[in-house]
Amino acid sequence: MLAMTAIAALLLVRNLYVMLLVLPDEKHQNAAYRIMFFHVPDAWTAFLCFFLAMIASVLYLVKNDLRYDGFAASITEVGLVFGAANLVTGMIWGRVIWGVWWAWDVRLTTMLVGWLMYAGYLMLRRAIEEPTERAKMSAVVSIFAFADVPIIFFSIRWWRNQQHPPPADLPPDWWMALFMNWIPLLLLAGVFLMIRMEQERIERQLNGLRRTVHAF
Amino acid sequence: MAVPALRGSMSFLRQSLTIASKDLRSELRTKEALNASVAFALVILLLFSFAFEPTEVETRQISGGLLWLVFAFAGALILNRSFARELSNDCLDALVAAPISGAALFLGKALANLALLVTVELACLPVFGIFYNVPWTQQFWPLMLVMLLGTWGLTVVGTMFSALTVNLRLRELMLPMLVYPIMVPGLLAAVQLTAPLVMGQPLAGDLIPWLRLLIAFDVIFTALALTLVETVLVR
Amino acid sequence: MDTRNFTYLCYGLVAAWLILCVYVISLGARERKLQRELERLRLLVEEKER
């Protein structure tokens, strides 16, 4: 875990150097386009997290093993953190380029709705005490939420077909920088995930201990 | 081969209809949820007219959003009651233990909720027309189709989450928190369809993709709910 | 590098990192709380076993 964090830190320093000093300014956006190198990988990480949460939820319903539930809960929370980073950086970027904090752009709005769904997921988890019941109910919510993501995306795209910069025609060294910056973010997400899963494990242990205490 | 399958689906439908008629009968006896929901919807319709100038032409353009917000709020009241009603006297345990599948129970409850919600909507529409001076009946049947499809989406998701949150202390709070974000595409499509229909545009051209989206939303979530409801109900 | 918009770039990068930092702090807080609870319950179990 320490090694992962160290690699992530080194890569981030290297990427900051490339971003700030090697890559040239964008024609219309000047310096601010560099926000993208965090904004975009943040979104990828968040959606990857939500996707894995859906897989883990299905696995929980099939196998009834609480470890899958712990994984789903942990990775959803990590996804929400990266989703929040994506939303905030997107807003700051929108303020520079479009002049407004929130332009109801397709991807950003989809992320917001998704973020709210998964925040509801975590709130539901807090509201249920009994572990297996909590696992079952939240697994169902996670599956519903992920099934909704593509529908939300298309509905909002039809509602406002507008401005988000097309991702396809970036120069190759920018793509390179994007992916290079995704690696440390993924590593960090992995570290967060491991810490969270360990906490979930302690939580299960605590539940066992509480039962023993009550049994006396 | 086909005959037992047909018989199976017939009995599935009959079981659902039994549950639906049971729910409707017990609701009509007290009219608790129905009265509260209609009254609530009317209050919101009234409050909205303070938010903007209710006679302007532009208000007709946002009529779709206005109506569907009213329906979504009023719907939450009905959906909250749907499973919570069965908590007293352990009726829910009896229903789950009954020799019908969870899917049939769910479908029955959803059909009853659909009927109740459509009743509320039919009570709201004329009041909306009067308050906001909108001749909303020009495209009556297409509008009814959109109402039915949008309301089915709302009921199928709402009934599912009503079953899911029935044992929670914060039930009344959790249900809208979970249902509204998931409803975003369905509500968006319904809003986009309703406003032009209220203004008298025919259901064609630009509106067809939205209709398709609404139908897709309904089909996907009906299938998902029918598959997963068993895990939610059996505790 | 052009300095126009540079402030917004700074805001963006700071915000991206601030959110992760806040999360790390909250993880640490939760870890401490869990350890305390674990310790308390262990003591309780030992006491009752005696």
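Here are some notes:
- Matching residues, region B:6-54, being of a type in the set (Val, Ile, Thr) and under 25 Å from B:Val134 (Cβ atoms): B:Val38, B:Val43, B:Ile44
- Residue list for region B:92-114, filter: surrounded by fewer than 19 Cβ atoms within 10 Å (Cβ to Cβ), of a type outside the set (Asp, Glu) and assigned to a helix (DSSP H, G or I): B:Ala94, B:Leu95, B:Val96, B:Ala97, B:Gly102, B:Ala103
- Restricting attention to region A:43-76 and to residues that are away from every other protein chain (no Cβ under 12 Å) and of a type in the set (Ser, Thr, Tyr), the residue that is farthest from the chain's Cα centre (by Cα) turns out to be A:Tyr68.
- Residue match in region A:126-148 (condition: farther than 25 Å from A:Leu187 by Cβ and touching a Pro at 6+ places or on another chain (Cβ under 9 Å)): yes
- Among the residues of region B:22-48, those identified as without any contact (Cβ under 8 Å) to a residue 12 or more places away in the chain and part of a helix (DSSP H, G or I) are B:Arg25, B:Leu28, B:Arg29, B:Thr30, B:Asn35, B:Ala39, B:Val43, B:Leu47.
- Residue that is surrounded by the fewest Cβ atoms within 10 Å (Cβ to Cβ) [pool: residues in region B:184-209 that are under 18 Å from the mean Cα position of the chain (by Cα) and over 26 Å from B:Asn133 (Cα atoms)]: B:Val184
- On the stretch given as chain C, residues that are within 30 Å of A:Tyr33 (Cα to Cα), at the interface with another protein chain (Cβ under 7 Å from one of its Cβ atoms) and either assigned to a helix (DSSP H, G or I) or small (Gly, Ala, Ser) (or both) total 11.
- Residue check: A:Thr132 meets all listed conditions (1) of a type in the set (S, T, N, Q); (2) surrounded by 20 or more Cβ atoms within 10 Å (Cβ to Cβ); (3) within 14 Å of chain B (Cβ to nearest Cβ) but one, namely (2).
- Just one of the listed residues (A:Val18, A:Val40, A:Val81, A:Val88) is part of a helix (DSSP H, G or I) and more than 16 Å from the chain's Cα centre (by Cα), and it is A:Val18.
- Condition broken by B:Cys124, with the remaining ones in (1) over 16 Å from B:Gly158 (Cα atoms); (2) surrounded by fewer than 19 Cβ atoms within 10 Å (Cβ to Cβ); (3) within 19 Å of the chain's Cα centre (by Cα) satisfied: (2)
- Region A:78-96: number of residues that are more than 9 Å from every other protein chain (Cβ to nearest Cβ) and either in contact with a Ser or Thr (Cβ under 8 Å, 6 or more places away or on another chain) or surrounded by fewer than 18 Cβ atoms within 10 Å (Cβ to Cβ) (or both): 1
- Scan of region B:193-235 for residues that are modelled with pLDDT of 90 or more and among the polar types (S, T, N, Q), ordered by number: B:Thr194, B:Thr222, B:Thr227
- Some residue of region A:103-110 being surrounded by 19 or more Cβ atoms within 10 Å (Cβ to Cβ), at the interface with chain B (Cβ under 7 Å from one of its Cβ atoms) and either in a helix (DSSP H, G or I) or within 21 Å of the chain's Cα centre (by Cα) (or both): no
- Count of region A:11-70 residues which are at pLDDT 85 or above, loosely packed, with under 15 Cβ neighbours inside 10 Å and farther than 26 Å from A:Met91 by Cβ: 4
- The listed residues are B:Leu173, B:Leu145, and the only one of them that is within 14 Å of chain A (Cβ to nearest Cβ) and out of contact with any Ser or Thr (no Cβ under 6 Å at 6 or more places or on another chain) turns out to be B:Leu173.
The values are calculated or read from the model by the stated rules, or taken from the named source; none is laboratory data. This structure is a prediction, so every number in the text was calculated from the model and none was measured. Heads up, the Cβs are rebuilt from the backbone with ideal geometry, glycines too, and the neighbour counts pull from every protein chain shown.
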